[in-house]
Amino acid sequence: MTASSDSATAPNTQIRPISCQVDSQGHLWVGGCDTNELAQRFGTPLWIIDEQTILEGVSAYKDGLSNYANSQVLYAGKAFLCLAMCRLVESLGLGLDVVSEGELFTAAQAGFPADRIYMHGNNKSESELTAGLQYGDVNVVVDNFSELDLLATIASRLNRKARILFRVIPGVEPDTHQHIKTGQHDSKFGIPLEQIKSAVQKALTCEHLIVEGLHAHIGSQAQRLEPYLENAEILADLTEQLKRELGFELSTLDVGGGLAIKYSKGDSPVSASSWAKAVAKQVTESFERRGLKLPRLLVEPGRSIVGPSGLTLYRVGHCKQLPGGARFIAVDGGMADNPRPITYQSIYTASLANRADAPPAQEPRSIVGKYCESGDIIIKETYLDANSGDLIAIFGTGAYNFSMASNYNRSPRPACVLVKDGNAEIIVERESNDDIIRNDRVPPRLAR
Ligand SMILES: Cc1ncc(COP(=O)(O)O)c(C=O)c1O
């Protein structure tokens with residue numbers, strides 16, 4: 001068995017999970033498990049999450065922050081969340097960023113400590129905020145003035161003190177797809193820089209709110225470091241202004257997440273440890289230069305922790321070639337389990353999982369899904385020489401696949417297994433056709 005050649009580098013800078021290997025029969029292994037056996041045992045499509053890759057991803061962030069005295073890594077649950085993931089993240093000492101009542105409920109069911117939960121979102125409802133405060137001392141990242149009023153009212157009604165950060169629009173744009181930029185001036189997320197002072201001022205007068213600090217997340221799948229450094233400098237400027245004009249000195253600064261992963265050879269993201277080290281250094285310099293005390297530093301990566309740990313196994317069904325030359329390999333999943341290609345034109349890398357050592361095809365072909373959209377293309381151009389019955393692995397599917405999946409065409413969602421040291425454990429069961437009709441109701445006038 002040969003270890004994958006890039007296993008020595010940080011998980012977010014390599015395409016495959018770090019435990020990936022290919023045996024002498026050409027079988028792809030991950031987490032000490034033969035993917036061919038996993039396909040037999042659990043069926044396909046199958047999401048596989050490699051625990052070791054997550055552990056190393058988390059270590060990379062912790063290493064990068066090790067010179068900063070007071071820091072905390074929050075895992076952004078929107079990337080991938082289920083009960084087992086909550087337990088894993090908690091056991092690693094991370095905090096958790098949640099953006100909905102469903103994510104909060106999942107965390108609560110997993111017993112995640114309230115004070116390590118950060119509630120995000122640009123339209124938190126009364127029910128969500130109430131659920132958060134009732135669960136315990138959660139932290140709320142306030143997005144707008146109207147939410148601030150609502151939170152103050154709920155906190156007063158429940159007689160609780162809510163710890164808050166304000167989400168800032170820093171006016172910084174990372175190098176990423178338009179749909180996942182969040183820091184630009186016209187972003188729907190957060191409060192413009194020039195309004196933060198009045199937001200803080202207002203909150204400071206409310207006895208049921210404890211203002212901890214500021215937050216800014218500039219976007220996702222960003223490869224370059226510079227926008228993050230600029231973000232830190234802008235937040236330091238704002239902190240100085242708040243101190244000068246309001247006498248308020250923040251205790252917590254959350255610089256967001258968003259670091260990219262390597263989906264294909266064309267991607268070259270900075271490694272998680274270098275990113276964290278550089279951001280912490282910038283915060284230190286920017287704050288010290290202004291004579292500000294160093295805040296507790298929070299970072300909240302999602303994709304770069306769980307994305308590289310995942311791969312999706314598909315079984316090839318029918319293959320065809322059109323008279324014009326176009327070739328298609330159709331697999332048993334597609335846009336319902338991975339909506340990223342059709343949503344963001346995302347590029348993925350594939351390997352045969354049963355003949356990983358097979359020579360490449362002469363002509364390019366597309367790996368397409370089975371759903372009723374022409375845009376349901378997983379990889380537009382590949383030289384994978386796949387035939388009916390072959391197993392295909394698509395790498396980098398740990399983030400924003402399971403969490404963005406749908407039941408399009410009334411398709412049950414795949415199962416998800418966690419692999420480590422030769423063990424494969426189900427962490428999300430495969431949905432059934434019964435699950436598909438579970439919430440359907442037939443009005444009596446239409447009943448048979
Ligand atoms: C507020 C916030 N924090 C963190 C993240 C995590 O981003 P990523 O998964 O790219 O690290 C997101 C993603 O959209 C976000 O909106």
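Using the alpha-carbon centroid of each, what span in Å lies between region 23-37 and region 90-136?
Centre-to-centre (Cα) distance: 37 Å.
What is the fewest-to-most order of Asp434, Asp137, Asp143, Asp149 by other Cβ atoms lying within 10 Å of their Cβ?
Ranked by crowding around the Cβ, least crowded first: Asp434, Asp149, Asp137, Asp143.
In nm, to one decimal, how far is the modelled label at Asp237 from the one at Ala69, with both set 7 Å along Cα→Cβ?
Computed distance between label sites Asp237 and Ala69 equals 2.7 nm.
Set the Förster distance to 60 Å, then compute FRET efficiency between Asn123 and Gln321 from the Cβ-Cβ distance, nearest 0.05.
0.80
Go ahead and run the numbers for FRET between Asp186 and Asn409, Cβ-Cβ distance against an R0 of 41 Å, rounding to 0.05.
Using R0 = 41 Å, I get an efficiency of 0.70.
For Asp357, what is the net charge nearby, where nearby means another residue's Cβ is under 15 Å from its Cβ and Lys, Arg count +1, Asp, Glu -1? Intermediate values should be presented prior to the final figure.
Working: positive: Arg16, Arg355; negative: Asp23, Asp34, Asp385, Asp390.
That works out to -2.
Residues with beta-carbon under 12 Å from that of Val141, excluding Val141: net charge, scoring Lys, Arg +1 and Asp, Glu -1?
Spelling it out: positives minus negatives among the neighbours equals -3.
Restricting the count to DSSP beta bridges whose residues both fall in region 51-306, what percent are antiparallel, rounded to a multiple of 5?
5
Quick check: residue separation of Gln25 and Ala358 times 0.36 nm, minus the Cα distance between them. What number comes out in nm?
Full-extension gain reported as 118.9 nm.
Which length gain, in nm to one decimal place, applies between Glu373 and Leu158 when the Cα-Cα distance is subtracted from 0.36 nm times their residue separation?
Working: separation 215, 0.36 × 215 = 77.40 nm, distance 4.86 nm.
Using 0.36 nm per residue and subtracting the Cα-Cα distance, I get 72.5 nm.
For Val89, what charge total do you get from the other residues with a beta carbon under 11 Å from its beta carbon, if Lys and Arg give +1 and Asp and Glu give -1?
Once all neighbours under 11 Å are counted, the net charge is 0.
Within 10 Å of each residue's Cβ, count the other Cβ atoms and sort Arg87, Arg441, Arg365 from fewest upward.
Values: Arg87 14, Arg441 7, Arg365 22.
Exposure proxy ranking, most exposed first: Arg441, Arg87, Arg365.
Here, each number is a calculation from the coordinates, and none is a lab measurement. Given the structure is predicted, the values throughout are model-derived calculations rather than measurements. Heads up, the Cβs are rebuilt from the backbone with ideal geometry, glycines too, and the neighbour counts pull from every protein chain shown.
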